1. Go through (1) modelled with pLDDT of 90 or more; (2) open to solvent by less than 10 Å² (accessible area, probe 1.4 Å); (3) closer than 24 Å to A233 by Cβ for A282 and report which single condition fails.
2. So, of the residues in segment 295-322 that are among the hydroxyl-bearing types (S, T, Y) and touching a helix residue (DSSP H, G or I) at 6+ places or on another chain (Cβ under 8 Å), which turns out to be most open to solvent (accessible area, probe 1.4 Å)?
3. Given the residues G188, G195, G182, G174, which is the only one that is at pLDDT below 90, part of a strand (DSSP E or B) and farther than 29 Å from R119 by Cβ?
4. Just the residues that are over 26 Å from T144 (Cβ atoms), within 54 Å of the chain's Cα centre (by Cα) and of a type in the set (S, T, N, Q), please, taken from segment 1-47.
5. Take segment 56-71 and flag every residue that is more than 29 Å from P136 (Cβ to Cβ) and either open to solvent by 30 Å² or more (accessible area, probe 1.4 Å) or without any contact (Cβ under 8 Å) to a residue 12 or more places away in the chain (or both).
6. Of the residues L244, L273, L291, L266, which is without any contact (Cβ under 8 Å) to a residue 24 or more places away in the chain and not charged (D, E, K, R)?
7. Collect the residues in segment 96-127 that are among the hydroxyl-bearing types (S, T, Y), more than 17 Å from R56 (Cα to Cα) and in a strand (DSSP E or B), keeping them in residue-number order.
8. Residues in segment 68-80: is at least one of a type in the set (S, T, N, Q) and within 30 Å of L364 (Cα to Cα)?
Amino acid sequence: MITRAGWGTLAASVLLYAVAAPLGYQQAGALSAGGIAAVGAGLLWTLRRPRLEVRREVTPVKVARGEAAIAMLRVTNRGRWRRDALEAHDTCRDTAIVVGVPPLARNSTGTVSYRLPTRRRGETPVGPLRLDRADPFGLARRTTSYGQADLLLVRPRTVPLEPLNSGRQRHLDGSASRSPSGTITFNGVRDYVIGDDLRHIHWRSTARTGTLMVKELEDVSLPYTTTILDTRADSYGDDDEFELAVDAAASVAWSASRRRFPVRLLTGAGELLSVKGGAEEAEEVLDRLALVERTADAETPVDAVRRAGSGGALILVTGARTALSSVASVRRRFDQVVCVWVGASSGDRPPMVPGVTVIEIGELAELAAAWPR
């Protein structure tokens, strides 16, 4: 295809010839012919498709919002001749990315890396990739597409939080938290280690093995966390406030799940997921929250609270100051109730509601500092 510079050269050449030819200026005719010939030579230069082997790799494919995601581009020249410098054009979330590929000798490989934008959550297509090859004067260009679009999953940011001490359920096999001082729940036996309480020696196992064995005791209380994320469009002043709300909800649910405690996550569209806890399910929490968006038809937190059941800890994350009444009316159904308000601070003290802990944050680091201990 002819570039803008090429079309400009053609137009100038034709105009020059149309003005100068009737007046008998032969030099002008020669210049016009030279301009047209240059554009034709540029088309011939870029006519043949280059024999290139192109591979792009996005790493990592899952990244927290704001963290680095890198695209690695490898271009190998499989042709007979040396290839001049190329321009690689990529797209990521409506952002155009242009990088230069150095000249390539025969059977040589050039590697170029560039950073992808990760400011917003979501499933982000990367590509398709285009390589542009232009003539030395930039009058003609050939564009070739390679491969398909890759997917980059931008997930919420998180800060580690301690699970709240709540929950009336009991785990028959014991939870993952050790109790050094001992409880009444027996979980197993292990070898004696210097410093262990001699009162915990398991004499039957010791007599059978000939080695000192001590009882391994568990704290089997099982905190249950219900997290509600307000996804109404009018609950937040802008997209940044909603992104902070998703980060806060992700921190609560991810922290409890990775400690192997059950978590239920609700949004204005209904139940997003319910997990028993574990490393894999903690990752699933982040994957699902990466795709959450705010909508105008989302239900109010009052309806979500009514479906939340009872028992354990209830955490409501919202940007609406009026949502506190939603949790205040049901605070007796839960062991602990926490309301997290996101957005710029108004300067006024949050209202005090008996039985409800109110946390007001303007950035994610403030959540960890104000989290109940």
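1. (3)
2. From segment 295-322, those among the hydroxyl-bearing types (S, T, Y) are 295, 300, 310, 318, 322; that's our starting set.
After this cut, where a residue has to be touching a helix residue (DSSP H, G or I) at 6+ places or on another chain (Cβ under 8 Å) as well, the list is 295, 300, 310, 318.
Numbers: T295: 56, T300: 51, S310: 87, T318: 0 Å².
If we take residues in segment 295-322 being among the hydroxyl-bearing types (S, T, Y) and touching a helix residue (DSSP H, G or I) at 6+ places or on another chain (Cβ under 8 Å), then S310 is most open to solvent (accessible area, probe 1.4 Å).
3. Values: G195 fails: part of a strand (DSSP E or B); G182 fails: part of a strand (DSSP E or B); G174 fails: part of a strand (DSSP E or B).
Checking each option against the conditions leaves just G188.
4. S13
5. Passing the criteria: E57, T59, P60, V61, K62, R65, G66, E67, A68, I70.
6. Going through L244, L273, L291, L266 in turn, just one is without any contact (Cβ under 8 Å) to a residue 24 or more places away in the chain and not charged (D, E, K, R): L273.
7. Of the residues in segment 96-127, the ones among the hydroxyl-bearing types (S, T, Y) are 108-109, 111, 113-114, 118, 124.
Applying the additional criterion that residues be more than 17 Å from R56 (Cα to Cα) yields 118.
Selection gives nothing.
8. No, that holds for no residue.
The values are calculated or read from the model by the stated rules, or taken from the named source; none is laboratory data. Bear in mind that the values here come from a model prediction, so they are computed numbers and not experimental data. Here the Cβ is made from the backbone with ideal geometry for all residues, glycine too, and neighbour counts use every protein chain on show. Keep in mind that these areas ignore ligands, DNA and RNA; they rest on the heavy atoms of the full protein, side chains included. Shrake-Rupley method; radii C 1.70, N 1.55, O 1.52, S 1.80 Å.
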